[in-house]
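Below is one structure, written out as structure tokens, with a few remarks after it.
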Amino acid sequence: MIKSKIALLGFAAMTALGAFSAQAADITGAGSSFAAPIYGAWGQSAKNQVGVTVNYQSVGSSAGQDQVIARTVDFGASDKPMSAERLAKEHLFQFPTVMSGIVVVANVPGIKPGSLHLDGPTIAGLFDGTISTWNDDRIKALNPGVDLPDTDVAPVHRADGSGTSFVFTSYLSQVSPEWKQKLGAGTSIAWPGGSGARGNDGVAAMVKQTEGGIGYVEYSYAAQNHLNIAEIRNHAGKFVSPSLKGFVEAAQSADWMGASNYAVNLLDTAGEGAWPIVTATFVLVPTNPSNADNAAAVRKFFAFGFEHGDADNVRLDYVGLPATVKENVLAHWPK
């Protein structure tokens, strides 16, 4: 009798394990390094709670778009939204996941963290080569009383096709007519000089080890690497530091429902405390998936992140989407 009960219990346990295994799924994604920390955090929780294992490769936004178009991954991630025409052509559905800020980081001898003030046109000059030393008069004018060194400026930009580059150069194009005319915005542009590094983490590391270095990275990479983040003059004329409060203030004017495929512009928005370089990051999924089970698991993963990811968002310095946007995304998910 006892042996029968043990056997029965063993069979029940194996059946339960088999049921869980049947529900478990492995999905693949690739793209934005900007979004990599949050997808990693959501993925750790989703594996245990909903049985979805996420293998995400931080290869840059351009590569993420290419890989989902080629259908070599279940979802692509990009900080540069895709046009409506291309989405239709490639049979893709695009939606935002979180928002955060892009910050300017510098390694200037003798300058304390948080004490460097810059504005949009000056940042453009530092990256287009017209400002070549840190004691340039244009920087001095923004930093009265600060002892700026005669150190060469060493710009660091992304070497890979990058949505972070797209957002950063879009901001410079918006605040500097000269930048817009000469260089413009893109995931890859003809940088006039400086050094290239792959990924947000690569730029952060290179700036940290280069005297006179200046670069642009997603906020969490700067915070985690304890880099010197510049305060930037915003649209209201205030010098501000990056913060979740400033990101939220910048996003308050977003017209999510009016924007084509959720591609809102959050750059240089009004607001006393608004951080001037804020962006959403986007995910692309096929509207005609070849693997229905994987497609369902992708939806389950992002639905989980939308519902349970707020604590991770705050911990990693991201801003979650409004509830109405999350609901709209899931309601319009490809059937």
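Where a number appears in this text, it was derived from the coordinates with a stated rule and is not lab data. Small disclaimer: the values here were computed from a predicted structure and weren't measured. Please note: Cβ atoms are built from the backbone with ideal geometry, for glycine as well, and neighbour counts cover all protein chains shown.
Some values worked out for this structure:
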item	result
Debye, to nearest 20: dipole size of the stretch 271-335, +1 on Lys, Arg Cβ, -1 on Asp, Glu Cβ	280 debye
Rg to Rh, two decimals, where the chain supplies the alpha carbon set and Rh follows Kirkwood	1.06
Antiparallel bridge percentage (DSSP; both residues within the chain; nearest 5)	60 percent
Cα convex hull of the stretch 226-282, projected area averaged across orientations, nm²	4.3 nm²
Reach of K89 by Cα under 18 Å, taken over aspartates and glutamates that are not fewer than 8 positions away in the same chain	D66, D74
Other-chain or far-sequence residues with amide H under 5 Å of G213's (modelled H)	N107, A154
Degrees separating the helix 36-49 axis from the principal Cα axis of the chain, which is the longest one	20 degrees
Relative contact order (%) - criterion: Cα under 8 Å, at least six apart; region: the chain	25 percent
Cubic angstrom per residue, convex hull over Cα atoms of the stretch 148-190	98 Å³
Chain lengthening between T287 and F239 when straightened (0.36 nm per residue, less Cα-Cα)	12.9 nm
Gain in span if fully extended, E85 to E178, counting 0.36 nm per residue against the direct Cα distance	30.5 nm
Cross-link partners of K335 among lysines (Cα-Cα below 17 Å; sequence separation of 8 or more within a chain)	K300, K326
Amide N of the stretch 271-311 lying under 15 Å from the label point, which is placed 7 angstrom from the Cα of A323 along Cα→Cβ	306-310
Cross-link table K112/K182; K80/K182; K47/K208; K112/K238, entries beyond 28 Å C-alpha to C-alpha	K112/K182; K47/K208
